[in-house]
Amino acid sequence: MQKWQYHCTVTAAQTGERLKQYVRGDLLVPKTIYHELRIQRAITINGQYQSVHTLVHSGDDVGLTFSSTDFSTPVPDYHGGDARQVAVLYENADLLVVNKPIGTKTHPNRPDEQDSLMNHVTAYLHSPAYVVHRLDRDTSGAIVVAKNPVVLPILNRLISSKRITRQYRAWVHGHLPASGTISLPIGRDPLDKRKRQVDGPNALAAITHYSVLQETPTKSLLAIQLETGRTHQIRVHFSYLGHPLVGDVLYDPEATKYPRLFLHSAKMRLLLPFSFKPVTVTAPLPASFLQVD
């Protein structure tokens, strides 16, 4: 049985909270996992087991010991892969951020596939790797991968609450105002299961912020930040406005003129689980981004 141990220091702002509130609310440990920790008496204050109703104080050392049996998440079983394909942008004991190349899927869709990013990361780590979020096959750039099941739900919560943010770069056709916000719901395309569309069936709210970084006579380079994370959100929003992403085989009628989809996950601001230390990771723009025309 594998175990993971963490020590966290209570801050002045957290003084007076109950231990339960500190673990669930501040450390973002999910309810089911917290329940296992409590039953196993695996939460301590300054090295001693305490009731979860105990008040914590500034400087207290809160220890948590997680066991593999605490988690219902299946252990990933990615085979094959090539560690040499992994370009690490940031790494610590719990996670890594890698620079995904264009044309590589985030994860395999079949058990026999061995050339996805997760196959390669597993080969690099020599241990299981957990998908936190995904990038489309034709999108390059920064993507975070969890090394254990402890931090996986915490990272998911940080992303869903927008405390982890991602900024993209994209070339689009035409010119737009210097900055703006697109708020248009996105649903499925009833005529093409690969695609999404504004106001399609089962549409969900989708919000995209952008600013113009550079212009050519026919195109614009944008910095884009997502407030929501719908499938193909950036691609659908700008296509709907009449400014499809350059090289987008699904939404750009001129895609065959270009060597790639010009969309790149350029910057990620992380909060590291348990310490919540901010870390900014940048994925350099590929050389192809300088050759859009």
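For a bin width of 10 Å, list the pair-distance distribution of the chain built from all Cα-Cα distances, rounded to whole %.
6, 24, 29, 22, 13, 5, 0
Using the heavy atoms of the protein chains and a 1.4 angstrom probe, tell me the accessible area per residue for the chain in square angstrom.
Heavy-atom accessible area per residue stands at 49 Å².
Just to be sure I understand the model, the point goes 7 Å from the Cα along the line to the Cβ. What's the resulting residue 249 to residue 41 distance in nm?
Taking the two extended label points, one gets 5.9 nm.
Across bins of 5 angstrom width beginning at 0, how are the C-alpha pair distances of the range 1-100 distributed, in whole percent?
Values per bin, smallest distances first: 2, 11, 19, 19, 14, 12, 9, 7, 5, 2, 0.
Give the Rg (one decimal place) followed by the Dmax (whole number) of the range 159-293, computed from C-alpha coordinates and expressed in Å.
15.4, 48
Straight-line reach from residue 277: which lysines have Cα under 19 Å away, leaving out those fewer than 8 places along the same chain?
147, 162, 267
For the pair residue 215/residue 199, report the inter-label distance in nm, with labels modelled 7 Å from Cα in the Cβ direction.
Each label point is offset 7 Å from its Cα along the Cβ direction, giving 2.9 nm.
At what distance in angstrom do the alpha carbon centres of the range 151-168 and the range 185-208 lie from each other?
So the separation of the two Cα centres works out to 23 Å.
Mind checking the full-extension length gain between residue 88 and residue 68? Use 0.36 nm per residue of separation minus the Cα-Cα distance, one decimal, nm.
This chain segment gains 4.6 nm when fully extended.
Along Cα→Cβ, 7 Å out, is where each label goes; now give me the distance between the ones at residue 179 and residue 162 in nm to one decimal.
Taking the two extended label points, one gets 1.5 nm.
Relative contact order, percent, of the chain when contacts are C-alpha pairs under 8 Å separated by at least 6 residues?
The value is 15 percent.
For residue 39, what accessible area in Å² do you get when you roll a 1.4 Å probe over the heavy atoms of the protein chains, rounding to the nearest 10?
100
Nearest 5 is fine: what % of DSSP beta bridges in the chain come out antiparallel, could you say?
Here the antiparallel bridges make up roughly 95 percent for the chain.
For the range 121-182, just the Cα set please: Rg and Dmax, both in angstrom.
15.7, 48
With r as the distance between the Cβ atoms of residue 1 and residue 282 and R0 = 41 Å, compute the FRET efficiency 1/(1 + (r/R0)^6) and round to 0.05.
0.60
Which ³J(HN,Hα) values in Hz, rounded to whole numbers, follow from the phi angles of the range 276-293 under the Karplus curve 6.51 cos²θ - 1.76 cosθ + 1.60, where θ = phi - 60° and Gly and Pro get x?
Each residue of the range 276-293 in turn: 6, 6, x, 9, 9, 10, 10, 9, x, 5, x, 4, 4, 5, 8, 10, 5, 8 Hz.
Can you give me the Cα centroid spacing of the range 274-291 and the range 36-61 in angstrom?
The distance from the Cα centre of the range 274-291 to that of the range 36-61 comes to 37 Å.
The values are calculated or read from the model by the stated rules, or taken from the named source; none is laboratory data. These figures come from a predicted structure and were not determined experimentally. Positions of Cβ are backbone-derived with ideal geometry, glycine not excepted, and every protein chain shown enters the neighbour counts. Calculation scope for accessible area: heavy atoms of the full protein, side chains included, ligands and nucleic acids excluded. Shrake-Rupley method; radii C 1.70, N 1.55, O 1.52, S 1.80 Å.
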